[in-house]
1. Give me a count of the residues in the range A:111-136 that are within 19 Å of A:N31 (Cβ to Cβ) and either free of Cβ contacts under 8 Å to residues at least 24 places away in the same chain or not small (G, A, S) (or both).
2. May I ask you to list the residues in the range A:21-37 that are buried (at least 19 other Cβ atoms within 10 Å of the Cβ) and not small (G, A, S)?
3. Would you check which residues across the range B:46-78 are closer than 26 Å to A:T98 by Cα, among the small types (G, A, S) and either facing chain A (nearest Cβ under 7 Å) or open to solvent by 10 Å² or more (accessible area, probe 1.4 Å) (or both) and list them?
4. Please go through (1) farther than 28 Å from B:K214 by Cβ; (2) at pLDDT 95 or above for B:V54 and return the number of the only condition it doesn't satisfy.
5. When you scan the range A:322-329, do you find a residue that is on the phi > 0 side of the Ramachandran plot, assigned to a loop (DSSP other than H, G, I, E, B), surrounded by 14 or more Cβ atoms within 10 Å (Cβ to Cβ) and in contact with a strand residue (DSSP E or B) (Cβ under 8 Å, 6 or more places away or on another chain), even just one?
6. Any residue at all in the range B:20-36 that's part of a strand (DSSP E or B), under 22 Å from B:K154 (Cβ atoms), facing chain A (nearest Cβ under 9 Å) and of a type in the set (S, T, N, Q)?
7. Name the strands (runs of 3 or more DSSP E) wholly inside the range B:102-205 in which the number of residues that are under 23 Å from B:K73 (Cα atoms) and among the β-branched types (V, I, T) is 2 or more.
8. Of the residues B:V99, B:V103, B:V82, which is over 23 Å from B:P32 (Cβ atoms) and modelled with pLDDT of 95 or more?
Protein chains: 2
Amino acid sequence: MLENKNQKTSLEKLGEFGLINHLTQHFEVKNPSTLTGIGDDAAVLDFKNKKSLVSTDLLIEGVHFDLSYMPLKHLGYKAVVVNLSDICAMNATPTQVTVSIAVSNRFTLEAIEELYAGIKLACERYQVDLIGGDTASSQTGLVISVTAIGEANKSDIAYRSGAKDKQLIILTGDIGSAYMGLQVLEREKQVFLVNPNNQPDLDMYSYIIERQLKPEARTDIKKLLQDLDVKPQSMIDVSDGLSSELIHICTQSGVGCQIYEDKLPLDPEFINVCEEFNLDSTTISINGGEDYELLFTIKMEDFDKIKGNPNLTVIGHTTEQTAGMNLVTRENTQIPLKARGWNHLGNEE
Amino acid sequence: MLENKNQKTSLEKLGEFGLINHLTQHFEVKNPSTLTGIGDDAAVLDFKNKKSLVSTDLLIEGVHFDLSYMPLKHLGYKAVVVNLSDICAMNATPTQVTVSIAVSNRFTLEAIEELYAGIKLACERYQVDLIGGDTASSQTGLVISVTAIGEANKSDIAYRSGAKDKQLIILTGDIGSAYMGLQVLEREKQVFLVNPNNQPDLDMYSYIIERQLKPEARTDIKKLLQDLDVKPQSMIDVSDGLSSELIHICTQSGVGCQIYEDKLPLDPEFINVCEEFNLDSTTISINGGEDYELLFTIKMEDFDKIKGNPNLTVIGHTTEQTAGMNLVTRENTQIPLKARGWNHLGNEE
């Protein structure tokens, strides 16, 4: 699809300035904190008495995404969302993004427009402004760099280091599905390589595939917790797997933890696919990544406020640091948590 | 040099988290606006009643830099500086940067440390804080993405669109040298490829090579203008060539301009090298890029305040838009300015 240049526009014709202007002309500014967006040497922002938050990510073709099953529109959407998630992970509200891309000549203008259609969809869905970026050529694959900016009152910001002993560990949504969605897509890619005429029926995998291809950032959680009058004491987003993220919180807070296997929030489709792949759903759910749910701790006395909320699951509690970081199995044995998660540099070996 | 893995540390051993921690452990926070730097999902900044400014750039090996003559430490320094220059171009003060890199396995840890030594040097020289970033693997070349953040009082910020008719056009420093530095380096590379034992004597090119390999951001100009009690009415930095940048200011401001060939600030070494290469120094100086000087307009009545300052050269004045954008030659003929500059996408053709 990408390689077909029939009736398509090559990028050279536009040049760098033309390309930026063309791609960003339909983006509208939505936030009062955006005084000046695209079009000058720098964007100008005004957070008044709020603090600003900044996070950045680099996505590389062949390392972070595979265009053979990732549509460009989804990729643009996901590239923005995963960065917004980092702002959510501070209990803050994302307000702006910058997006830079490097593309090779194998991409047509129409392909890059698809990418930006996804970026625009994410900006509209999450009410964030595209305020800057850069386009460059790459000699091989596609590179996407996103910086997300957000705002929060100082007293609302939740750090990884804020957990204390005897707090409840809460997870939003469910976990593991994005990882299994990737496994299904990888399998179908292999089938396709052997028999390109095979049309896969992916209906029974729709939820887990959507979790992989079109994840969402939990911008709703900050308001939910405010409405419930609960302040998260520490917070992180689950991009590299629950186990790895929980270790970050515990290590940076100087506490231990116990989470319970039977409390892990898993989707029925996820459990079915784990069985189909003959994989242990607990192992996958705590080590799989890219769910972009929020993991946070709250004070024990806030339990009644969050109890029964369908968005929030209590999966365990913090302990003294000396007690270690453990998963308590259904058989009531303790297994130490390990940081496996994604290790993009390691993956290359 | 990069490929030599004898006694060197491979990146796989450290993994992604280990690499970030290792590279950033000696960076210190210097600005009061940096509340939290590296180590959480996002950095937390506080600009109080000032506005914040954001600019971002993507640098790709083989497109923006050539490691065969660009030492990694210089590259790290330059990657930061060119982004700080964008903040200076708004008449603002840079305060923070995020730096993300993607590297392939051909880079050793020691090579990446060199890159970060340059990044650190720039952060120290310009008193900016490294507050975040990402490391990823790349399948081929080195990718560097930098986002620079700055601060300014609203009334100080200078936009590209602020020029009006009958303002003076001012340039800091001199121009063209960075481009000719690149020409010398490219020539020596070709010589080296033919005869690797040839040791080039580059002493007579030291200024222009330094302008290419180790440019500086004009963070000093904001204070200089304040001390002179001059407010720039419009401003841009000269990264893509004087002609191209002046066209940006004129187009976005709705004015024309006249600049004078005999007023262009050129270094004697630059003029000599142009002669050696049989190139016209005027053409090179207005079309060459990467000088990172500031180009701005001031009100006519401020002339006495800036007159004779060695950092500032009046190169012309704005006109009504209908008069066009022109270079007035020594022979008093008018030549329309053209946006040639760098066009990284076009370069690939």
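1. Qualifying residue count, the range A:111-136: 12.
2. A:L23, A:T24, A:N31, A:T34, A:T36, listed by residue number.
3. Those that are closer than 26 Å to A:T98 by Cα, among the small types (G, A, S) and either facing chain A (nearest Cβ under 7 Å) or open to solvent by 10 Å² or more (accessible area, probe 1.4 Å) (or both): B:S52, B:S55, B:G62.
4. Condition not satisfied by B:V54: (1).
5. There is at least one residue in the range A:322-329 that is on the phi > 0 side of the Ramachandran plot, assigned to a loop (DSSP other than H, G, I, E, B), surrounded by 14 or more Cβ atoms within 10 Å (Cβ to Cβ) and in contact with a strand residue (DSSP E or B) (Cβ under 8 Å, 6 or more places away or on another chain).
6. no
7. Qualifying strands (runs of 3 or more DSSP E): B:129-137, B:143-152.
8. Residue meeting the stated conditions: B:V82.
The values are calculated or read from the model by the stated rules, or taken from the named source; none is laboratory data. As the structure is a computational prediction, the values presented were derived from the model and not from experiment. Cβ coordinates were reconstructed from backbone atoms using ideal geometry, including for glycine residues, and neighbour counts include every protein chain displayed. For accessibility, only protein heavy atoms count, side chains too; no ligands or nucleic acids. Shrake-Rupley method; radii C 1.70, N 1.55, O 1.52, S 1.80 Å.
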